[in-house]
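Asker: Would you mind keeping the following structure in view while I ask a few things?
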Amino acid sequence: MKNDSGIGNKADVGLIGILILATAAAVLDGWMLKTVWGWFIVPLFSLPQIPLAYAVGLRIAIAAIFDRVPNHDESSLRHTVTALLVTLSGFGFVWLVHLFV
């Protein structure tokens, strides 16, 4: 029997999953940028705190300019989990540094 809704095949579900994951990653990166900005840039340069939407947009622009897609042989899920763990551990290190400022 044919699925008339057009949604539900593996390609559609995979695409929706990628969009959700990419959106969540962008918001998480933006939140981390906003937080680090508040810890270091605001007190050092007396600049205002940046809103989350600006931080997300700035992080996406930085990624578009500087990030490169790595050539890897591991699965996408494994690569995604590794990238998330590296990002969170880096944020944890920055959090420790900000305690000494």
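Asker: Can you give the local net charge around A53? Use residues other than it whose beta-carbon is closer than 15 angstrom to its beta-carbon, Lys and Arg +1, Asp and Glu -1.
Answerer: Charge balance in the 15 Å sphere: +1.
Asker: Once you place label points 7 Å from the Cα toward the Cβ at T23 and A61, how far apart are they in nm?
Answerer: Distance between label points: 2.3 nm.
Asker: Multiply the residue separation of S89 and W31 by 0.36 nm, subtract the distance between their alpha-carbon atoms, and state the gained length in nm to one decimal.
Answerer: Working it through step by step, the gained length comes to 19.4 nm.
Asker: Then there's this: If R₀ is 35 angstrom, what is the calculated FRET efficiency for the pair L96 and S46, using the beta carbon separation as r and rounding to 0.05?
Answerer: Between L96 and S46 the formula returns 0.90.
Values in this text are rule-based calculations from the coordinates and carry no lab data. Bear in mind that the values here come from a model prediction, so they are computed numbers and not experimental data. We place every Cβ from the backbone using ideal geometry, glycine too, and count neighbours over all the protein chains shown.
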